[in-house]
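The values are calculated or read from the model by the stated rules, or taken from the named source; none is laboratory data. The model shown is predicted, which means the values in this text are computed figures rather than measured ones. Neighbour counts run over all protein chains shown; Cβ positions are idealised from the backbone, glycine included.
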Amino acid sequence: MPAALVVRGLAKHYGSVRALKGVDLEVGEGELVGLLGPNGAGKSTLVKIAVGLVRASSGTAELAGARAGSRQSRAALGYLAELFRFPGWYTADEVLELHQRLSGSAGGEAERKRLLELVALSEAAKRRVDGMSKGMQQRLGVAQALVGEPRVLLLDEPTSALDPVGRRTIRLLLEDLRGRGVSVLLNSHLLSEVELVCDRVVILLAGEVVAAGTPAELVQPRGVELETDEGLRTIERATREDVPRLVAEAVAAGRQVYGARVLTSTLEDVYLEAVGGETS
């Protein structure tokens, strides 16, 4: 089975502006990949090309083994745009019914009920969109992206406007979808959410990939913190493998050792270093 999303040498020019400069990216089957970068890095352009809303200047993008934008690729795709809008006079149930008709889903009422349950909106099925909070509308947006049981999800800032409980609901949903083999490309500014849920992270800057890997691969050791009866001491450049030796040396020197902690950089540290402190 082909990878869920494969991008090779993808470039996009808007006149003299080079939004993407030969990007390579792949999302495997059942993989959740986080796409990070400051505003103007090219994230949304990449997602729109994958969806088929924007045509690439060069390079290729394939979704579920088919050319991005083709009928076959669209049939396998679920998409949530960053700045989506639903008709304010529609109820949550009517929004999902509309998208069932648009996508050709035969899931009917049972599918709509299941999706509203997944995003914790069962009690709001008959509530109109203009009577919903921004967080409720955001969760409804995620639900519509799941209409038709897509194989691949492209989500542009799906947890924006959500409170911590709402973010946790979406995070648990994404983890459940991954367990079912659904692939997800998650474009987000929330580094903590990406670090918690994503298998791999890709960081874009000025249209180029500047860092990629699992969160564990991207973070770097920052030394070992040793707590003794003399207080806390940080041994820079020490690693996990040095801990037994450091503890033994402290004990041999007559110190009482209360703990040892390996210090590593966070995804935020990695991100800021990769983008050179550029703001989002």
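Numbers for the structure displayed
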read-out	value
Selection within the stretch 145-195 - β-branched (Val, Ile, Thr) and without any contact (Cβ under 8 Å) to a residue 60 or more places away in the chain	THR159, VAL165, THR169, ILE170
Those helices (runs of 4 or more DSSP H) lying entirely in the stretch 1-115 with at least 3 residues assigned by TED's automatic domain parsing to the domain that holds VAL201 and touching a residue at least 40 places away in the same chain (Cβ under 8 Å)	43-51, 92-103
Residue in the stretch 102-121 that is of a type outside the set (D, E, K, R), under 13 Å from the mean Cα position of the chain (by Cα) and surrounded by 21 or more Cβ atoms within 10 Å (Cβ to Cβ) present	no
Given (1) assigned by TED's automatic domain parsing to the domain that holds LEU20; (2) modelled with pLDDT of 90 or more, number of the condition ASN187 does not satisfy	(2)
Any hit, the stretch 228-248, residues being of a type in the set (S, T, N, Q), modelled with pLDDT of 90 or more and not assigned by TED's automatic domain parsing to the domain that holds GLY40	yes
Filter pass, VAL270 being touching a Pro at 6+ places or on another chain (Cβ under 8 Å) and not acidic (Asp, Glu)	no
From VAL129, VAL182, VAL197, VAL201, residue being closer than 21 Å to SER44 by Cβ, crowded, with 19+ Cβ neighbours inside 10 Å and touching a Pro at 6+ places or on another chain (Cβ under 9 Å)	VAL201
